[in-house]
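Notes follow the structure.
The values are calculated or read from the model by the stated rules, or taken from the named source; none is laboratory data. If you're wondering where the values come from, they're calculated on a predicted model, not measured in any experiment. When we count neighbours, we look across all protein chains shown, and the Cβ atoms used for this are built from the backbone with ideal geometry, even at glycine.
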Amino acid sequence: MSHSPAHRVRRKPGFFHPVPVRARCDGWSIVRQCHFLAYLYLTGSVTAAARGVGMSPKSAYRLRARDGAEGFAYEWDRVLTHPGTGRPTPPPIDYRKVTNPTLRHRVEIGRVKPVLHMGQVVGIARKADNTTLLRALRRHDAVCASIDRDEREEDRRVFANTRFGVTGPIDERRLPLADAPLGCRFQSQGDPR
């Protein structure tokens, strides 16, 4: 009985965002995630691929279900999809709900992909995730703009206080009226001026 080569039955794993996990010697490191996808491509079996990286199939499915595992799950499905059957749709990412630590993790790690040669994993290719970097910069710019706006407002208040001779806490009753006639410079709410 002859076996079909893996490239005729499955797709090679592409670049993906690794699942953010704690660093453990026996856990799902980035290298182990890449090797799992490579073994999944070569064998077509989740059980065989998990055993090949020294993990259980149950832990592989738990990793797939974690928050932040959308890219890993997409590559998993993509590897098991036959080449002639179309492309699986990537998961929609709502970047408004992605937290800053997640963006930072994605910028620092980037995207990874196992490199295969003659049925063996010979390395891991890394690729910078410029889209995530630009989204993080856009958030940073928005925060800086709001801080600048607040500082300008504070500068206006300080300037108004020094211009009109207010040295203590601001008393709203003593501020000059913008549309008052020349003879009435101050509001008279209990102030006999």
| Extreme residue, modelled with the highest pLDDT, among residues of the range 1-33 that are among the hydroxyl-bearing types (S, T, Y) and over 19 Å from V112 (Cβ atoms) | S4
| query | D67 is checked against (1) out of contact with any helix residue (DSSP H, G or I) (no Cβ under 8 Å at 6 or more places or on another chain); (2) part of a helix (DSSP H, G or I) and fails just one. What number does that condition carry? | reply | (2)
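Quick grid of which residues meet (1) surrounded by 15 or more Cβ atoms within 10 Å (Cβ to Cβ); (2) touching a residue at least 24 places away in the same chain (Cβ under 8 Å); (3) over 30 Å from V143 (Cβ atoms); (4) not assigned by TED's automatic domain parsing to the domain that holds Y39:
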| position | (1), (2), (3), (4) |
| --- | --- |
| L80 | yes, yes, yes, no |
| P88 | yes, no, yes, no |
| R96 | no, no, no, no |
| G119 | no, yes, yes, no |
| query | Would you say R64 is at pLDDT below 85 and under 15 Å from V79 (Cβ atoms)? | reply | no
| query | Going through the range 10-24 one residue at a time, which ones are in a loop (DSSP other than H, G, I, E, B) and either of a type outside the set (K, R) or touching a residue at least 40 places away in the same chain (Cβ under 8 Å) (or both)? | reply | R10, R11, K12, P13, G14, F15, H17, P18, V19, P20, V21, A23
| task | Those residues that are part of a loop (DSSP other than H, G, I, E, B) and over 10 Å from the mean Cα position of the chain (by Cα), I need them from the range 81-103; list them, please. | result | T81, H82, G86, R87, P88, T89, P90, P91, P92
| said: Just to be sure before I move on: is G71 among the small types (G, A, S) and either within 17 Å of I124 (Cα to Cα) or not assigned by TED's automatic domain parsing to the domain that holds V122 (or both) in the structure I sent? | reply: yes
